[in-house]
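J.: One structure is given below, represented as C-alpha cells, and several questions about it will come after.
The values are calculated or read from the model by the stated rules, or taken from the named source; none is laboratory data. All values reported here derive from a predicted model rather than from experimental measurement. Don't worry about glycine lacking a Cβ; one is built from the backbone with ideal geometry, like all the others, and counts go over all protein chains shown.
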C-alpha cells in the first residue's frame, strides 16, 4: 500500500481526531448545531482527501455528561452509560454530515447496537481506514469511569495512529494558565507528558496522558475555530502544541 500521506505532504499516514461534544453546539447552549457539525465534517473531509486515514472520537457533553449526572445525585455507572449513548448520537450526526459531503464513513460503538451502527471490531476498523473511510468510535471504551479522552488514546493506540489531534474551541494550544483569564498566559510549542501531569495542564485526563506516554503517542493540540485548521496543522503549518517525550 503506498504511503499516500507522504505524497500529499502530511507527516502522518493515520491520525485520530478527538473533539468535545461541546464543539458541535456552535453558539447554542445545548445539543447539535447543524452548520457547525457540517463545518467540522468539511475539515475532516479535506484531510481525508489528502490521503490521510482519519478516525474520530467525539465527546457527549453537549447532550449529557456522566460526571455532571453523578454530581447531581445519579448513580455514577448509570450516568456514565447515559454519557456514552450521547456520544453515539454525536457520532451518527457527524457520519450523516460526512456522507452528505460524499465522504464514506462508519460508526463503531463499544456498546453493541446493531440496528444503528457497527460493533467495535479492531480489524474491521483498520480495514475501513485502509479503504479511505472515516471511522468514528462511539460509546467510549464501553465501560463506566473512563472518559472519551481515555477512549481516544486507547483507540489511537489500537489503530496504530501516528498522533492524536485534539481540536479545541477558543484556544490554539496548551498554555501554562487559562488565556481567557490571564493576559500573560504563555503557550507551549512542545511540552512533555510528565509536565502536563505535574502542572495539571488539562490537555486530557491523567489516565489518557499516562496511556499516551506509555505508547509514545504524540498529542497535537490545535484550534478548530479557523477554517482549514486541521489540514494546515497536518501540513506542518499553523499554531499548535505538541505533547510528547
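J.: Against the definition (within 25 Å of residue 42 (Cα to Cα), free of Cβ contacts under 8 Å to residues at least 60 places away in the same chain, in contact with a helix residue (DSSP H, G or I) (Cβ under 7 Å, 6 or more places away or on another chain) and surrounded by 16 or more Cβ atoms within 10 Å (Cβ to Cβ)), how does residue 106 come out, yes or no? Explain how you work it out, then say what you get.
T.: On the way: within 25 Å of residue 42 (Cα to Cα): yes; free of Cβ contacts under 8 Å to residues at least 60 places away in the same chain: yes; in contact with a helix residue (DSSP H, G or I) (Cβ under 7 Å, 6 or more places away or on another chain): yes; surrounded by 16 or more Cβ atoms within 10 Å (Cβ to Cβ): yes.
Against the criterion (within 25 Å of residue 42 (Cα to Cα), free of Cβ contacts under 8 Å to residues at least 60 places away in the same chain, in contact with a helix residue (DSSP H, G or I) (Cβ under 7 Å, 6 or more places away or on another chain) and surrounded by 16 or more Cβ atoms within 10 Å (Cβ to Cβ)), residue 106 qualifies.
J.: Regarding the stretch 125-135, can at least one residue be identified that is in contact (Cβ under 8 Å) with a residue 24 or more places away in the chain and farther than 18 Å from residue 56 by Cα? I'd like the intermediate steps shown before the answer.
T.: Filtering the stretch 125-135 down to residues in contact (Cβ under 8 Å) with a residue 24 or more places away in the chain leaves 125-126, 129-135.
This time we only want the ones that are farther than 18 Å from residue 56 by Cα, so: none.
The answer is no; no qualifying residue exists.
J.: Also, quick follow-up: Has the stretch 7-19 got any residue that is in contact with a helix residue (DSSP H, G or I) (Cβ under 6 Å, 6 or more places away or on another chain), closer than 19 Å to residue 224 by Cβ and modelled with pLDDT of 95 or more?
T.: Yes, the conditions are met somewhere in the stretch 7-19.
J.: Given (1) exposed (fewer than 15 other Cβ atoms within 10 Å of the Cβ); (2) at pLDDT 95 or above; (3) part of a helix (DSSP H, G or I), identify the lone condition not met by residue 68.
T.: Only one criterion in (1) exposed (fewer than 15 other Cβ atoms within 10 Å of the Cβ); (2) at pLDDT 95 or above; (3) part of a helix (DSSP H, G or I) is unmet by residue 68, namely (2).
J.: For the stretch 17-30, which positions are closer than 23 Å to residue 150 by Cα and either without any contact (Cβ under 8 Å) to a residue 40 or more places away in the chain or buried (at least 20 other Cβ atoms within 10 Å of the Cβ) (or both)?
T.: Here is the first cut: in the stretch 17-30, the residues closer than 23 Å to residue 150 by Cα are 17-25.
Within the stretch 17-30, 17, 18, 19, 20, 21, 23, 24, 25 meet the criteria.
J.: Only residues that are farther than 20 Å from residue 130 by Cα and either touching a strand residue (DSSP E or B) at 6+ places or on another chain (Cβ under 9 Å) or buried (at least 22 other Cβ atoms within 10 Å of the Cβ) (or both): list them for the stretch 154-177, please.
T.: First, the residues of the stretch 154-177 that are farther than 20 Å from residue 130 by Cα: 166-177.
Within the stretch 154-177, 166, 167, 168, 169, 170, 171, 172, 173, 174, 175, 176 meet the criteria.
J.: Same structure again: Counting only residues that are touching a helix residue (DSSP H, G or I) at 6+ places or on another chain (Cβ under 8 Å) and either over 28 Å from residue 123 (Cα atoms) or modelled with pLDDT under 95 (or both), give me the helices (runs of 4 or more DSSP H) lying completely in the stretch 141-245 with at least 3 of them.
T.: On the way: elements: 148-159, 193-199, 206-214, 229-234.
The qualifying helices (runs of 4 or more DSSP H) are 193-199, 229-234.
J.: Residue 29 fails exactly one of the following numbered conditions: (1) part of a loop (DSSP other than H, G, I, E, B); (2) at pLDDT below 90; (3) closer than 18 Å to residue 161 by Cβ. What is the number of that condition?
T.: Result: residue 29 fails condition (3) only.
J.: Among (1) in contact (Cβ under 8 Å) with a residue 12 or more places away in the chain; (2) more than 18 Å from the chain's Cα centre (by Cα); (3) within 25 Å of residue 61 (Cα to Cα); (4) crowded, with 16+ Cβ neighbours inside 10 Å, where does residue 145 come up short?
T.: With respect to (1) in contact (Cβ under 8 Å) with a residue 12 or more places away in the chain; (2) more than 18 Å from the chain's Cα centre (by Cα); (3) within 25 Å of residue 61 (Cα to Cα); (4) crowded, with 16+ Cβ neighbours inside 10 Å, residue 145 is out only on (4).
J.: Continuing with the same structure: Return the total of residues in the stretch 100-132 being touching a strand residue (DSSP E or B) at 6+ places or on another chain (Cβ under 7 Å) and over 18 Å from residue 16 (Cα atoms).
T.: Total satisfying the criteria: 4.
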